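Working notes, structure below.
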Amino acid sequence: MFKNLNEQALQGSKRTISNAIIETVNVDKIIMIVTDVVADRERYECWKLGATVQ
C-alpha cells in the first residue's frame, strides 16, 4: 500500500517536473519567435529606408 502511494507520488512529481520543463521551453521558443519577428521588422524598416544591415 505505502509502496504504491510512494510510487504514485514519485510519478506525479516527475510529471510536474517534465511539464515545467515543457512550459519553460515553450516560453523560450515564444521569446525567440518574438525576437526574430522584431529583428526582421527592424531589418525591413532599414531596407525600406535604403540602409544596409550587416
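Take the conditions modelled with pLDDT under 80, among the charged types (D, E, K, R) and out of contact with any Leu (no Cβ under 6 Å at 6 or more places or on another chain) and apply them to Lys48. Does it pass?
Against the criterion (modelled with pLDDT under 80, among the charged types (D, E, K, R) and out of contact with any Leu (no Cβ under 6 Å at 6 or more places or on another chain)), Lys48 does not qualify.
What are the pairs with Cβ atoms under 6 angstrom where one residue, in region 6-31, is at pLDDT below 80 and the other, located anywhere, is surrounded by 10 or more Cβ atoms within 10 Å (Cβ to Cβ)? Sequence gap at least six, or different chains.
none
The values are calculated or read from the model by the stated rules, or taken from the named source; none is laboratory data. Keep in mind it's a predicted model, so treat the numbers as computed, not measured. Here Cβ is always computed from backbone atoms with ideal geometry, including for glycine, and neighbour counts include all displayed protein chains.
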